[in-house]
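Below is one structure, written out as structure tokens; the observations come after it.
The values are calculated or read from the model by the stated rules, or taken from the named source; none is laboratory data. Note that the structure is a prediction, hence the values are computed from the model and not measured. Neighbour counts are summed over all protein chains in view; Cβ atoms, including those assigned to glycine, are modelled from backbone coordinates with ideal geometry.
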Amino acid sequence: MNHLEFVYRDQSIAVVNKPSGLLSVPGRGPDNQDCVVSRLKAVHPDCIAHPTVHRLDMDTSGLLVLGLTEHSQRHLSRQFAERQVEKIYFAVLAGLVDGDAGEIELAFRLDPDNRPHQIHDPLRGKIGRTRWRKLSVRDGRTLVEFRPLTGRTHQLRLHAAHELGLGCPIVGDRLYGTGTEPGQMQLHAGVLAFAHPESGRNLRF
């Protein structure tokens, strides 16, 4: 039976720990309907039709918050749009990273001839900014902490892999590294902090 790991839930919101390999929202076709939203609705059939506030790539694991009511969904979406939400990711990179910390700023856009790949384009791309910090090195791999300052598609994956970023793809990344199967990528959304849309209380998971 398909299930969700709930980290927190009440009448307004749900925070789940999404496994790698599971879609955040339904995809195209009958084979891509299993996702966080469909599993949430199986548990909360009275929740709104579109509870999504933000998304994680299919191969990214970790914390995802959803709004169960119209008010909560709008309130949370506004917090994300106004960058009032703290997000910290952890990634294992396939290689040794130079330096101990820094900030990556790269402009990139969708490659229409090779969807869903994003490509570096300083002229027509949109800027993505990420702060990073090296945590440890083991067996030729580097554990890093990522703090995205913008929310571009594949931002952390591209910033890790591109030569103008860290030059080391995330282990198991099927698009920018050497991953071959869903569920292999070592990128985890490990910290999520925001204000509760009803009480205003600061929550940190």
For Leu123, state whether it is among the hydrophobic types (A, V, I, L, M, F, W, C), over 20 Å from Arg204 (Cα atoms) and in contact with a helix residue (DSSP H, G or I) (Cβ under 7 Å, 6 or more places away or on another chain). no
If we ask which residues in region 137-196 are in a loop (DSSP other than H, G, I, E, B) and more than 23 Å from Gly67 (Cβ to Cβ), their number turns out to be 28
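Go over the candidates Glu198, Glu145, Glu181 one by one and state the one that is touching a Ser or Thr at 6+ places or on another chain (Cβ under 8 Å) and of a type in the set (Asp, Glu).
Working: Glu145 fails: touching a Ser or Thr at 6+ places or on another chain (Cβ under 8 Å); Glu181 fails: touching a Ser or Thr at 6+ places or on another chain (Cβ under 8 Å).
Answer to the selection: Glu198.
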Please name all residue pairs, on different chains or six or more residues apart, with Cβ atoms under 7 Å, provided the first residue is in region 70-98 and is of a type in the set (Gly, Ala, Ser) and the second residue is part of a helix (DSSP H, G or I) and crowded, with 17+ Cβ neighbours inside 10 Å. Ala91/Leu156; Ala91/Ala160
Residue under evaluation Leu203, criteria (1) under 24 Å from Ala101 (Cα atoms); (2) touching a residue at least 60 places away in the same chain (Cβ under 8 Å), criterion not met: (1)
Quick check on region 53-81: of everything there that is among the small types (Gly, Ala, Ser) and over 15 Å from Val25 (Cβ atoms), which residue is surrounded by the fewest Cβ atoms within 10 Å (Cβ to Cβ)? Ala81
Enumeration of residues in region 20-45 that are more than 23 Å from Glu70 (Cα to Cα) and surrounded by 15 or more Cβ atoms within 10 Å (Cβ to Cβ): Ser20, Leu22
Restricting region 120-134 to residues that are surrounded by 14 or more Cβ atoms within 10 Å (Cβ to Cβ) and over 13 Å from Glu103 (Cα atoms), the residue that is nearest to the chain's Cα centre (by Cα): Lys126
In region 12-131, which strands (runs of 3 or more DSSP E) lie fully inside it and hold 3 or more residues that are at pLDDT 95 or above and closer than 17 Å to His154 by Cα? 61-67, 86-93, 101-110
